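The values are calculated or read from the model by the stated rules, or taken from the named source; none is laboratory data. Since the structure is predicted, the reported quantities are computational estimates derived from the model, not experimental observations. Backbone-built Cβ (ideal geometry, glycine too); neighbour counts: all protein chains shown.
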Amino acid sequence: MVAELESKVKAFDTDEWWARHGSVATPLKLQSRKITRPESSHFHNAYAGFPYAWQLTETVDDFLGRLPPATTEGSKAGPWIFICNPFIERRSKQEAQNQNVRGCEDEAPEEDETDLHRFIEGGMERLHLVTDFHGEMNKSTVSPAVRGRERNKAAADATRDILALAHALHVRTGKWMLFCDVHAVNEVWGIVAKATANNELGIAAKVATRSELDPRTERLICVYTTDFIDRSDVERVARKLKQLGLVKAYGKPLYYKPDAYTYLGIGSGNPWGFKASIYNTKELLGRT
């Protein structure tokens, strides 16, 4: 049985899977780096009309004053406050496919070519193979060392396949995750929001609102980038966060998680043995 499952894992080809389920057009590569400032009529806002997000009709300072995260109640606003990069065109939140994925409605704005449902279908199929493989390995008579090695290999292979599938289906966004004390969240969020609106960070950002049900004193801020495979852009955003004073040389590193993992429920301590993030600032930036 283990041999049969290993055969299925080796046979799982992301390109072939996609060929069986449809095709996608070649994407236009979004330029999230320095670009000429467009006319105001050409700005974009995936969160247009969404009351707990920045609107192009208000200044960023007015937005920050209207929705300070330290005191904005999640019971009224929902769990997040959002801001987009107005230089990057994305599918509107109202039209996004993730609005039909419970618990994932607030991930990054999608590309027009995003095929989220096919990704979730294929990604879950791949995770089921890992689950089955683990089950058979647990029943086998191999040594614990061999079992652990095979489980690690299964996780690494599945990670590669799932990220390749995500990229093929334009589920490419990911986020740097910053945790800050509630007493500093308005200031930190203000820095992130202004840099996002000025096209200095990624495609969007969000900050957690106040929750009476969550006793934690830290708030999460997510800074989204265009493409988790574009390491140079992911690193560029990390360096900008450090330049803004949000990454400390000897403090805790920031971690980067692809949205593909969020859509599949892959978090810390997951049963498949995946690392919950694919980058961190210590690895990308060192201690400099």
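Counting the residues of region 126-179 that are under 22 Å from the mean Cα position of the chain (by Cα), under 30 Å from GLU113 (Cα atoms) and in contact (Cβ under 8 Å) with a residue 24 or more places away in the chain gives 24.
Here is a check on your reading of the model: is GLN55 of a type outside the set (Val, Ile, Thr), without any contact (Cβ under 8 Å) to a residue 24 or more places away in the chain and in contact with a helix residue (DSSP H, G or I) (Cβ under 6 Å, 6 or more places away or on another chain)? Answer is no for this residue. Given the criteria touching a Lys or Arg at 6+ places or on another chain (Cβ under 9 Å) and of a type outside the set (S, T, N, Q), does ARG231 qualify? It is false that ARG231 is touching a Lys or Arg at 6+ places or on another chain (Cβ under 9 Å) and of a type outside the set (S, T, N, Q). Looking only at residues in region 243-263 that are among the basic types (Lys, Arg) and surrounded by fewer than 17 Cβ atoms within 10 Å (Cβ to Cβ), the one that is modelled with the lowest pLDDT is LYS248.
Residues in region 181-211 that are of a type in the set (D, E, K, R) and either closer than 13 Å to VAL223 by Cβ or in a loop (DSSP other than H, G, I, E, B) (or both): LYS194, GLU200, LYS206.
Of all residues in region 106-144, those being in a loop (DSSP other than H, G, I, E, B) and surrounded by fewer than 16 Cβ atoms within 10 Å (Cβ to Cβ) number 6. Can you tell which of ARG231, ARG236, ARG147 is crowded, with 16+ Cβ neighbours inside 10 Å and at negative phi? The unique qualifying residue is ARG236.
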